[in-house]
Amino acid sequence: MSTDTLVFLGPPGSGKGTHAAMLAKDRGFVQVSVGELLRREVERGSELGLQVREIMNTGALVPDQVVLQVVRRALDGLRGRKIILDGFPRSVAQARMLDGLLEEFRRRVDLALFFALEDRQVIERISGRRVDPETGKIYHVVWNPPPPGVKTVQRDDDREDVVRQRLRIYHEITEPVAAYYRKSGRLVEIDASGGVEHVYSMVLRVIDQA
Ligand code: AP5
C-alpha cells in the first residue's frame, strides 16, 4: 500500500504534532499542521488571522471554509511530496471535504493514525507543553524539557479552561472521524499513553508495514 498521504487524528495533546515532526525528519514527509498554519496567520496579523484569533483562543473550531482554504494552499505547494495532515480533518464533514479536495490533487488518504489518550493524560501533557516560537519545536516541562538557553512560550489555548472546552469539542465533533476511516479500513489506532520513544516505535512499525 502506498503511504504518501497520512492523517494524524486524536485528542488535543495526544502527540500528533510531536510524532508528525519525528516522522517528517526520519521518513521524508512534510508535516502539514493546520493549527500551526492558523497560528502563523494570527501572529502575522493577516486578515485570516484576525478572523480566527478569538475562535482559537476559546478552543472552538475555525469555520470549515477557512480551514479548507489553508489546506488547499498547503497542498498546492506540496505536489509530489509525502504529507502528514496533522489535526485535519476534525469533523466527519471535513473528512468528506478532504476526500473531494484530495481528488483534485490526485491523492487519497492512505492511512489515518489515531493517537488514543485519556482526558486525564491530555490535561497533564498540555499543561506542561512549551513551544520554541523560533523553531516551532514542541517540549514538555517534565518529559521533554527544552535545552538550557532555549526560550519557550505557552500557547494561548493551553489554559486549563480552554483545554477542557477543546476536549468537549473533540469528543462531540472530532471523535466520530475515527469511525469514518475505520469503515473504509484505513484506520490504525495507537495507544499514545506511553513515552515518546515507545509511541514513536509503534508509529514507525505501522508506517513501515503499510
Ligand atoms: P491544533 O494546533 O491542531 O491543536 P490540537 O489538535 O488540539 O492538538 P495539539 O497541538 O494540542 O496536540 P498534539 O496532539 O499535537 O500534541 P503534542 O505533540 O503537541 O489546533 C489548535 C486550534 O486550531 C483548534 O482548537 C482550532 O481552533 C483550530 N483548528 C486546527 N485545525 C482545525 C480544523 N481542522 N478545523 C477547525 N479548526 C481547527 O504533545 C502535547 C504535549 O505532550 C507536548 O508537550 C509534548 O512534548 C508531550 N508529549 C507528546 N507525546 C508524549 C508522550 N508520548 N509522552 C510524554 N509526553 C508527550
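Which value in nm describes the separation of the simple spin-label points at Arg182 and Gln69, placed 7 Å from the Cα toward the beta carbon?
3.5 nm
Would you be so kind as to identify which of Pro176, Ala20, Val62 lies farthest towards the positive end of the dipole of the chain, taking Lys and Arg as +1 and Asp and Glu as -1 on Cβ and the Cα centre as origin?
Most positive-ward Cα: Ala20.
Which value in Å does the Kirkwood hydrodynamic radius of the stretch 1-105 take, with 1/r averaged over all unlike C-alpha pairs and then inverted?
Working: mean 1/r = 0.0699 Å⁻¹.
After inverting the mean inverse Cα-Cα distance, the result is 14.3 Å.
Going by amide H atoms built from the backbone, whose H comes under 5 Å of the H on Val30, apart from near neighbours?
It is Lys82, Ile83, Ile84, by chain and number.
Indicate, rounded to the nearest 5 percent, the antiparallel portion of the DSSP beta bridges found entirely in the chain.
20 percent
Gaussian network model of the chain, Cα springs within a sub-10 Å range: biggest mean-square fluctuation belongs to which of Pro148, Pro176, Pro63?
Sorting by GNM fluctuation, first place goes to Pro148.
Considering the Cα trace of the chain, what is its radius of gyration and what is Dmax, both in angstroms?
That works out to 16.2, 47 Å for Rg and Dmax.
What does the charge count around Ala116 come to, taking other residues whose C-beta lies under 14 Å from its C-beta (Lys +1, Arg +1, Asp -1, Glu -1)?
Net local charge, Ala116 excluded: -1.
Which of the aspartates and glutamates could a cross-linker span from Lys137 if the Cα-Cα distance has to be under 20 Å and same-chain partners fewer than 8 positions apart are dropped?
Cross-link targets: Asp26, Glu36, Glu41, Glu43, Asp86, Glu124, Asp156, Asp157, Asp158, Glu197.
Can you compute the charge dipole magnitude of the chain about its Cα centre, using +1 on each Lys and Arg Cβ and -1 on each Asp and Glu Cβ, nothing else charged? Give it in debye, rounded to the nearest 20.
Values: 32 positive and 30 negative charges, 81 e Å.
That gives a dipole near 380 debye.
In the stretch 23-57, which residues have a backbone nitrogen under 12 Å from the label point lying 7 Å from Arg159's Cα in the Cα-to-Cβ direction?
57
Since every read-out is calculated from the coordinates, none of them should be taken as a lab result. Here the structure is a predicted model, which is why all the values come from computation and not from measurement. Here the Cβ is made from the backbone with ideal geometry for all residues, glycine too, and neighbour counts use every protein chain on show.
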